[in-house]
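Q: If you scroll down you'll find the structure; I have some questions about it.
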Amino acid sequence: MKLKKKSAEIFIPDNKEVMPALIQTTDLCIAAHQDDLEIMAYNPISECFGKEDRHFTGVVVTNGGGSPRNGIYANYSDEKMQLTRACEQKKAALIGKYSAQLLMSYPSKEVKDATNRVLLEELKEIILTCSPDILYTHNLADKHETHVALVMHVIKAIREIPEAKRPKKIISLEVWRDLDWLSDEDKLIFNTGLYPNLSAALLGVFDSQITGGKRYDLAALGRRLANATFLESHSVNNLDSASYGMDITDLVNSELSPADYISKAIDKFKKEVNDLVTRFL
């Protein structure tokens, strides 16, 4: 398998051949940017870590261009920053013992092009090659335009794959807007408390972003702690650290509008809030 962009790369941390590393994938995460994988998909990363029967593969679609920079990175050209971010992502894959790390190297503007068939076809090829049991990606209520554009491409790609060859589960995860607003019955709760040292190491690898003025490392760990603490008001914590997800398998395997699907979840949240407020009028 060969990625289409000239600067794209398939990195295999343990030096296996590319195809065996991809084919053994059980958990596949398709993310927009370098470090999105480590922020949103730590649960499957940690669940696959060191296992013989589960293997995590990460896909980063954009090239890291246009990212903020400060400190020692302040004068980096966009090209040098892209190389730096790719290097950081490969370090994370090495630390996390990923089966494979794919760097597709698309500019964000190409991801935000809803008519981009080249990207769509490449995503289809990756999904079919890896044939994961579970596919993770961004959520439709995310705040970042590129994240939302990417999840739309992922949905379109899977819908063009024969049903028998689709992942059994498709899960959307939180990055630029969390999912604590979801109704508890619709909220997937993932344990992110395994191997705290691994979690910190994976987030700390992305120095170009941390030094650049964004403490994603502290923010991600803080959100996970907050999720675990504020999930339930009348019981002690069952988890020390948690992230939230939304099961979009039914959406992907149907012809439902993604906009209508997420609007239904938002309307359910609105009703829950209104019902609670009016109860005490």
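Q: Which three numbers, in whole Å and largest first, are the semi-axes of the equivalent ellipsoid of the chain derived from its Cα gyration tensor as √(5λ)? Before the final figure, lay out each step's value.
A: On the way: eigenvalues 167, 104, 76 Å².
Computed over the chain, the values are 29, 23, 19 Å.
Q: Could you work out [θ]222 nm for the chain from helices alone, using -39500 (n - 2.57) per DSSP H run of at least four and dividing by all its residues? Round to the nearest 500 deg cm²/dmol.
A: On the way: 12 runs with 123 residues, N = 281.
Mean residue ellipticity at 222 nm (helix-derived): -13000 deg cm²/dmol.
Q: So, one more: Nearest 10 degrees is fine. How inclined is helix 258-279 to the longest principal axis of the chain, computing both from alpha carbons?
A: Relative to the chain, helix 258-279 is tipped by roughly 30 degrees.
Q: How high is the relative contact order of the chain, in percent, with contacts defined as C-alpha pairs under 8 Å that are six or more residues apart? If you can, show how the numbers build up before the last one.
A: On the way: 487 pairs, mean separation 60.7, N = 281.
Relative CO of the chain lands at 22 percent.
Q: What accessible area per residue, rounded to a whole number of Å², is obtained for the range 240-281 using a probe radius of 1.4 Å? Could the numbers behind the result be given before it?
A: On the way: 2850 Å² over 42 residues.
With the other protein chains kept in place, the range 240-281 gives 68 Å² per residue.
Q: So, one more: If you restrict to DSSP beta bridges whose two residues both lie in the chain, what percentage is antiparallel, to the nearest 5? Could you put the intermediate results ahead of the total?
A: Numbers: 10 of 28 bridges.
Bridges in the chain are about 35 percent antiparallel.
Q: Apply the Karplus parameterisation 6.51 cos²θ - 1.76 cosθ + 1.60, with θ equal to phi minus 60°, to every residue of the range 5-10 and state each ³J(HN,Hα) to the nearest whole Hz, in sequence, with x for glycine and proline.
A: 6, 4, 8, 6, 8, 10
Q: Sticking with this one: Compute the long axis of helix 78-95 from its Cα atoms, compare it with the longest principal axis of the Cα atoms of the chain, and write down the angle in degrees, 0 to 90, nearest 10.
A: Value to nearest ten degrees: 70.
Q: Which ³J(HN,Hα) values in Hz, rounded to whole numbers, follow from the phi angles of the range 131-145 under the Karplus curve 6.51 cos²θ - 1.76 cosθ + 1.60, where θ = phi - 60° and Gly and Pro get x?
A: After applying 6.51 cos²θ - 1.76 cosθ + 1.60, I find 6, x, 6, 10, 10, 10, 7, 6, 9, 5, 9, 5, 7, 8, 4 Hz.
Q: Also, quick follow-up: Can you work out D for the range 1-78 in µm² s⁻¹ from Stokes-Einstein, where Rh is the Kirkwood radius over C-alpha pairs, the temperature is 4 °C and the viscosity is 1.567 mPa s? Walk me through the numbers on the way to the answer.
A: Numbers: Rh = 14.5 Å.
Translational D for this selection: 90 µm²/s.
Q: Now, a different point. What dipole magnitude, in Debye to the nearest 20, does the range 1-115 give about its Cα centre under +1 on Lys/Arg Cβ and -1 on Asp/Glu Cβ? Provide the component values of the computation, followed by the final result.
A: Numbers: 15 positive and 15 negative charges, 73 e Å.
The calculated dipole for the range 1-115 is roughly 340 debye.
Q: Give the residues of the range 15-38 whose amide nitrogen is closer than 18 Å to a point set 7 Å from the Cα of residue 131 in the direction of its Cβ.
A: 17-29
Q: Around residue 136, which amide H atoms from residues at least 5 apart in sequence, or from another chain, sit under 5 Å from its own amide H, with H modelled in the peptide plane?
A: Placed amide hydrogens put 28, 29, 30, 171 under 5 Å from residue 136.
Q: Within the set 165/271; 5/143; 80/109, which residue pairs have Cα atoms separated by over 31 Å?
A: Working: 165/271 37 Å; 5/143 27 Å; 80/109 19 Å.
Correct reply: 165/271.
Q: With a point put 7 Å past each Cα toward its Cβ, work out how far residue 232 is from residue 269 in nm, to one decimal.
A: Once both label points are built, they end up 2.2 nm from each other.
Q: Read phi for every residue in the range 204-220 and hand back ³J(HN,Hα) as whole Hz from Karplus 6.51 cos²θ - 1.76 cosθ + 1.60, θ = phi - 60°, with x for Gly and Pro.
A: Ordered by residue, 3J(HN,Hα) equals x, 4, 8, 5, 4, 8, 5, 5, x, x, 10, 7, 4, 4, 5, 5, 5 Hz.
Q: Right, another one. With a ≥ b ≥ c taken as the square roots of the eigenvalues of the C-alpha gyration tensor of the range 140-181, please select rounded if a/c is under 1.5 and otherwise prolate if a/b is larger than b/c or oblate if it is not?
A: Details: a/c = 4.26, a/b = 1.85, b/c = 2.31.
Oblate, since a/c reaches 1.5 and b/c is not below a/b.
The values are calculated or read from the model by the stated rules, or taken from the named source; none is laboratory data. Note that the structure is a prediction, hence the values are computed from the model and not measured. Cβ atoms come from the backbone with ideal geometry, glycine included; neighbour counts cover every protein chain shown. SASA here: full protein model, heavy atoms, side chains in, ligands and nucleic acids out. Shrake-Rupley method; radii C 1.70, N 1.55, O 1.52, S 1.80 Å.
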